[in-house]
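A.B. asks: Next up is a structure, given as structure tokens.
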Amino acid sequence: MNKLPDHDSPEIRAEDGLKRRTGRPRDAELAADAGLMDELAALSGERLPEPVRKRVLRMVRMRRRAPWMAAAAAVLGVALIVPLALRTPAPPEPSRAETLELKQALEILGRTGRDAARFAGSQLSPHLASPEWGLERVPLKIFPQYPITDRNEDHEKS
Amino acid sequence: MERRFRHLLDEHGNRAFQLASLLLGQRQEAEDVVQDMFIKLWQQLGRLRPGEEQAWLLACVRNACLDRLRARSRRRRLLRLVPEREAAETPDGRLLDRQRRELLRCMLQTLPEPGRSLLILRDVQDTDVATTAAILDLTPGQVKVYTFRARRNLRHLMEERLNEQAA
């Protein structure tokens, strides 16, 4: 049906008259409409069956409990599953042979390192000229293991 | 919330069932629809403002019934509706009340929407214009005009049917 504008019309007035009526309308058509309206009103009275009403209430109660039960199940699940998932396996203990092998490897590394340092020192030291630092003029004792001598005294002595 | 729901079930359960029953013409189906729609009401109750529930519920019931009617075959619907036996008459030629009521129910179901729903809401259930307009998404003026026309249409259909039976 087309959307009509909401304004007063003969049909609206007739409908209002039928709904408001105190007696039978004089117009034959309207009187017949009023009669049918009364017959339709007589169709009322059906009631929702009680078993349906009870079923609805029961289902509503179950749905009310369902979120709490789901939350409880989730908490329980998290409490059980998460620790299991996070538990890392303990590393296996190394065997005696593996420990000896590791110790040997570390000793070789240490020895090799010291040899490399000695060789590097022997190769480089002739090329490194130690500059005059003027340590005798430094007021503070920086290198206490190296005694500060007066070079002028040494020079005079020589 | 449950108290509010119980109140709504008590207040509107009969009306919802009657609407479904008159639209569908089958009691069991009407019970199923009403049950489902009240569960839906429970799920949506937090979102409905007080006072909105009736219109919302009856609109849902109506829509659910219309969906079921569309799913039925048109042929089955028409055959089931028209009473086959001769209507019994009183000595002065009037149909017995019970049979006339049955005929009225059947002819009501042949009406197109929204006329059918309008007559059920306005004439059978005496629902006010504003609520009816909210349920059917019409203006108050449309409610009045379409109700008037649907009633007259139904009356003519009834008269035709009774004339056929009398002939």
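A.B. asks: What are the equivalent ellipsoid semi-axes of region B:126-167, built from the alpha-carbon gyration tensor (square roots of five times its eigenvalues), in whole angstrom, biggest first?
C.D. replies: Semi-axes from the Cα gyration tensor: 30, 9, 7 Å.
A.B. asks: Here's a follow-up. For a footprinting-style exposure proxy, rank B:Val33, A:Val82 by other Cβ within 10 Å, fewest first.
C.D. replies: Listed from fewest to most nearby Cβ atoms, that is A:Val82, B:Val33.
A.B. asks: How would B:Trp42, A:Trp133 line up from fewest to most surrounding beta-carbon atoms within 10 angstrom?
C.D. replies: Placing the least packed residue first, the sequence is A:Trp133, B:Trp42.
A.B. asks: Let me ask you something else. Please compute the alpha carbon radius of gyration of region B:90-167, then divide it by the globular-protein estimate 2.2 N^0.38 Å. Two decimals is fine.
C.D. replies: Normalised Rg, Cα atoms only: 1.24.
A.B. asks: Quick one: helix B:97-110 against the long Cα principal axis of chain B, what's the angle to the nearest 10°, folded into 0 to 90?
C.D. replies: The answer is roughly 70 degrees.
A.B. asks: Along Cα→Cβ, 7 Å out, is where each label goes; now give me the distance between the ones at B:Asp97 and B:Arg72 in nm to one decimal.
C.D. replies: Label-label distance for B:Asp97 and B:Arg72, simple model: 2.7 nm.
A.B. asks: Just to verify a number: FRET efficiency for A:Ala31 and B:Arg3, C-beta to C-beta distance, R0 = 30 Å, to 0.05?
C.D. replies: 0.05
A.B. asks: Mean separation of Cα pairs under 8 Å and 6+ residues apart, divided by the residue count of chain B: what relative contact order is that in percent?
C.D. replies: 22
A.B. asks: Let me ask you something else. Using alpha carbon centroids, what distance separates region A:85-115 and region A:22-77, in Å?
C.D. replies: So the two Cα centres are separated by 80 Å.
A.B. asks: Additional query: Specify the angular offset, from 0 to 90 degrees and rounded to the nearest 10, of the alpha carbon long axis of helix B:2-24 from the longest principal axis of the alpha carbons in chain B.
C.D. replies: Orientation of helix B:2-24: about 20 degrees from the principal axis.
A.B. asks: Moving on to the next point. Which length gain, in nm to one decimal place, applies between B:Glu113 and B:Ala59 when the Cα-Cα distance is subtracted from 0.36 nm times their residue separation?
C.D. replies: Length gained, B:Glu113 through B:Ala59: 18.1 nm.
A.B. asks: With just the Cα atoms of chain B, tell me how far they stretch along each of the three principal axes, in Å, largest first.
C.D. replies: Sorted from largest, the Cα extents of chain B read 58, 35, 30 Å.
A.B. asks: Follow-up question, since we're still on this one. Residue by residue through A:53-63, how many Cβ atoms from other chains fall within 10 Å of the Cβ on average?
C.D. replies: 5
A.B. asks: Would you mind giving the mean number of other chain beta-carbons within 10 Å of the Cβ of each residue in B:115-128, as a whole number?
C.D. replies: What the average comes to for B:115-128 is 3.
A.B. asks: Taking every residue in B:6-19, how many Cβ atoms of other protein chains lie within 10 Å of its Cβ, on average?
C.D. replies: For this peptide, the per-residue mean of nearby foreign Cβ atoms is 3.
Computed from the coordinates by the stated procedures, all read-outs in this text should not be read as laboratory data. Predicted model only: the values in this text are computed from it and were never measured. In this analysis, Cβ positions are derived from the backbone assuming ideal geometry, glycine residues included, and neighbour counts consider all displayed protein chains.
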